[in-house]
C-alpha cells in the first residue's frame, strides 16, 4: 500500500483505507440519506504526466487496460466484477467497474489506484467516482486523490447542481467519511463514462 498525505493532521494514510470508509458507510448512506448505489464505480487518470520535466510519454487506454487486467483479474481482486476502459470528451482516461457488490467496487477502485502508484502514475490519479440515486436524482460520492478526501456531487442539468443536497450529504456523513471541507475543491464532473 502506498501513502497519500491526508488532510488535517498531515499523517500518511493508505489509499485503500481511505476509500474503504465509503464501503463501511454504506448502511448510513442508505438509511440516513436514502442513497442507493448503482453498481458501478470509476477511477479517472490524466492521460499525460503532470511533471513537465519528466519525459515519460502519454498514458494510453491500452496501457491502462493492461495493468488493470493484471491488478484486478490476475491479482484475484476482480472476482464478480467486470471492468472497461474509456476516454471522456476532455481526454481523461477512466477505468469503469461494474458489480452489485459495493464493497468489492470500493476495493477494486483502491486496487486500481495502488496499481497506478506501482507503475509510477500516482500523479495521474484524479478521482474515484461512485454513483448513487437519491429518488430519481443522480448523486455521487467522489474521492479526490490529491486531497485524499471525499466530496458529494449532485448534478442537475449542466452546469446546475443541487447544492442543498450536496451540503446535506456532506454534513450527514462528515463523521463517517473524510469529507473535504474546502467547497472550492468540490468539482462538478459532467459527461463522464461512469
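Read-outs: derived from the displayed coordinates by stated rules, not from any lab. Small disclaimer: the values here were computed from a predicted structure and weren't measured. For neighbour counting, all protein chains shown are included, and Cβ atoms are generated from backbone atoms with ideal geometry for every residue, glycine included.
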By Cβ neighbour count within 10 Å, fewest first, 167, 189 rank 167, 189
Expressed as a whole-number percentage, the relative contact order of segment 103-148 with C-alpha contacts under 8 angstrom and at least six residues apart is 28 percent
Most exposed first, judged by fewest Cβ atoms within 10 angstrom, 40, 21 run 21, 40
Length gained if residue 174 through residue 101 is fully extended, taking 0.36 nm per residue and subtracting the Cα-Cα distance, is 23.9 nm
FRET efficiency for residue 31 and residue 123 from the Cβ-Cβ distance with R0 = 41 Å, rounded to 0.05, comes out at 0.65
Least to most buried among 90, 151, by other C-beta atoms within 10 Å and fewest first, runs 90, 151
